[in-house]
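The values are calculated or read from the model by the stated rules, or taken from the named source; none is laboratory data. Keep in mind the model is a prediction, meaning the values are calculated, not measured. Because the Cβ atoms are built from the backbone with ideal geometry, glycine has one as well, and the counts that use them run over all protein chains shown.
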């Protein structure tokens, strides 16, 4: 009988991934990104990845490091720095293929994959360049209305990466904070979903039974779990910590000068998570990052 | 004396006038202040978020504040935004696209080059395609000029407009609803033949020829008068929603609402 013990190290999680895979990354722009796992990919020799993301620094860094063959996106932004500088460089160099989508179509594609459907119909995309540039097809309602809609194809993921506050050994997650974006649908659209958590507990029912409503998706969707304190840094993880504006500024400036990822990667990725976390001041500094107000 | 930015905020509020209950989204200081002004005056049905995940009945002031200062009355996170606001048509958004054409098509994606290698990569289409096909939209353009209001079509069509060449048989375009364009020179709408763009009011001291010259496509002169100056009551509300004076940084040199006769 399986023990349901899904604990893995970040390196073991990334060891489950293969070059050429389609990988979904949870979060939204500079918020709730599984950055510890992204950094682990950056330390690996994975390449030719198709990345599916509401993009923030995860996308910028993976593009900068040459890990990305194709990007499925609706935006890539650091919010307070609207244009993600390293993503921009990759695009303007013609270095990556893209499927540009609308934010709503994007989650619709994840839902199609989660429900094991080939597509879901939508009006979104009509009248825009997305349909032709993305090679999207249309579908006609078989009912009397005969409406023609865009057939948003399923965004099937080989793997999804998600960061939450709490997880137990069996994959029971709790995601706190006011918004969890589309993390649920990344998990359900993926063949394998790997979760990093600020706190890994043996049994959620003993540790935090009062917060069971924060269980964002069921443990059957979770393949592996790992503990990563500060695992969303430099992105925000409300209510625990805000994004690191100072880090974003240095990262954005580095895209101009020196403009070469290889010479700055060590600074933004670190040789290990322990080294990275220490380099940004440890959890004391991360936990003190103010929550952004809008 | 009122500033031009404050006059624009009042014009934005007018664009959001409604009897309905729907989400009003103003992206950027002037649109957001305009929605808040509309909500607190003539259009209480408008619903606003704190910019994050909660619906608030008292619009959240711009700029630095305590995280918990806002008082949530409802909940509208990204994770249910499309279900509740966009795809149900219960929203009116005002945005600032990089390019706009005579059909009301906008571009937030990229400029020049090719799809594979744009000359300038911008944000990406964001939610523009869905916004455009499902609910009302308006625009705020702080620097009215031909690089924004382009001569032909926008470089990439991020949101749909009234271009017949981009409509396919059987598609449902009935919810495309472009309301107003508020700029630093005038207020425009899409009320001309086949939704052609009209100038409906000029800001004090601006003439039609100046607007026409600053626009890459033909405009219809439907000017009914000057854009209304904000009232004292409106100015007080605007000030309360912008305690740090961020509105004063939106337009170059923060000009007064009435041009000086220089």
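Can you find, within segment A:282-294, the residue that is surrounded by the fewest Cβ atoms within 10 Å (Cβ to Cβ) among those that are closer than 14 Å to residue A:245 by Cβ and more than 14 Å from every other protein chain (Cβ to nearest Cβ)?
Once the filter is applied, the top-ranked residue is A:285.
Can you give me the number of residues within segment A:117-136 that are under 25 Å from the mean Cα position of the chain (by Cα) and more than 16 Å from residue A:148 (Cβ to Cβ)?
So the answer is 5.
Residue by residue through segment B:9-37, note down the ones that are part of a loop (DSSP other than H, G, I, E, B) and buried (at least 21 other Cβ atoms within 10 Å of the Cβ).
Kept after step one, since they are part of a loop (DSSP other than H, G, I, E, B), are these residues of segment B:9-37: B:16-21, B:27-28.
Correct list: B:16 only.
Regarding segment A:229-239, can at least one residue be identified that is buried (at least 24 other Cβ atoms within 10 Å of the Cβ), within 14 Å of another protein chain (Cβ to nearest Cβ) and either in contact with a helix residue (DSSP H, G or I) (Cβ under 9 Å, 6 or more places away or on another chain) or modelled with pLDDT of 95 or more (or both)?
Within segment A:229-239 (the criterion being buried (at least 24 other Cβ atoms within 10 Å of the Cβ), within 14 Å of another protein chain (Cβ to nearest Cβ) and either in contact with a helix residue (DSSP H, G or I) (Cβ under 9 Å, 6 or more places away or on another chain) or modelled with pLDDT of 95 or more (or both)), the answer is yes, since at least one residue qualifies.
If you scan segment B:154-173, which residues turn out to be outside any loop (DSSP other than H, G, I, E, B) and within 7 Å of another protein chain (Cβ to nearest Cβ)?
B:159, B:166
Residue under question is residue A:266, and the condition is that it be surrounded by fewer than 19 Cβ atoms within 10 Å (Cβ to Cβ), under 22 Å from the mean Cα position of the chain (by Cα) and closer than 17 Å to residue A:57 by Cα; does it hold? Give the derivation first.
Working: surrounded by fewer than 19 Cβ atoms within 10 Å (Cβ to Cβ): yes; under 22 Å from the mean Cα position of the chain (by Cα): yes; closer than 17 Å to residue A:57 by Cα: yes.
The answer is yes for residue A:266.
Does residue B:191 satisfy being more than 7 Å from every other protein chain (Cβ to nearest Cβ) and surrounded by fewer than 24 Cβ atoms within 10 Å (Cβ to Cβ)?
Spelling it out, residue B:191 is indeed more than 7 Å from every other protein chain (Cβ to nearest Cβ) and surrounded by fewer than 24 Cβ atoms within 10 Å (Cβ to Cβ).
Tell me the residue from A:36, A:90, A:74, A:114 that is surrounded by 18 or more Cβ atoms within 10 Å (Cβ to Cβ), touching a helix residue (DSSP H, G or I) at 6+ places or on another chain (Cβ under 6 Å) and closer than 17 Å to residue A:158 by Cα, please.
One residue alone meets the criteria, A:114.
Any chance you could count how many residues in segment B:99-122 are assigned to a loop (DSSP other than H, G, I, E, B), buried (at least 21 other Cβ atoms within 10 Å of the Cβ) and either more than 7 Å from chain A (Cβ to nearest Cβ) or free of Cβ contacts under 8 Å to residues at least 24 places away in the same chain (or both)?
6
Return the residue satisfying two criteria in turn: it lies in segment B:38-79 and is in a loop (DSSP other than H, G, I, E, B), more than 9 Å from chain A (Cβ to nearest Cβ) and over 20 Å from the mean Cα position of the chain (by Cα), and of such residues it is surrounded by the fewest Cβ atoms within 10 Å (Cβ to Cβ).
Looking at the filtered set, the residue picked out is B:71.
In segment B:128-153, what count of residues is obtained for those that are surrounded by 24 or more Cβ atoms within 10 Å (Cβ to Cβ) and within 14 Å of chain A (Cβ to nearest Cβ)?
Residues that pass the stated criteria total 8.
Of everything in segment B:234-249, what is free of Cβ contacts under 8 Å to residues at least 24 places away in the same chain and either touching a helix residue (DSSP H, G or I) at 6+ places or on another chain (Cβ under 6 Å) or more than 18 Å from residue B:31 (Cβ to Cβ) (or both)? Give them in sequence order.
Residue satisfying the conditions is B:236 alone.
Please list, ordered by first then second residue, the pairs with beta carbon atoms under 7 Å, 6 or more apart or interchain, first in segment B:1-30 and at positive phi and in contact (Cβ under 8 Å) with a residue 24 or more places away in the chain, second part of a strand (DSSP E or B) and buried (at least 24 other Cβ atoms within 10 Å of the Cβ).
Pairs that qualify, where the first residue is at positive phi and in contact (Cβ under 8 Å) with a residue 24 or more places away in the chain and the partner is part of a strand (DSSP E or B) and buried (at least 24 other Cβ atoms within 10 Å of the Cβ), are B:28/B:140.
Need the failing condition index for residue B:76 against (1) under 24 Å from residue A:290 (Cβ atoms); (2) out of contact with any strand residue (DSSP E or B) (no Cβ under 8 Å at 6 or more places or on another chain); (3) free of Cβ contacts under 8 Å to residues at least 60 places away in the same chain, just the number.
Only one criterion in (1) under 24 Å from residue A:290 (Cβ atoms); (2) out of contact with any strand residue (DSSP E or B) (no Cβ under 8 Å at 6 or more places or on another chain); (3) free of Cβ contacts under 8 Å to residues at least 60 places away in the same chain is unmet by residue B:76, namely (2).
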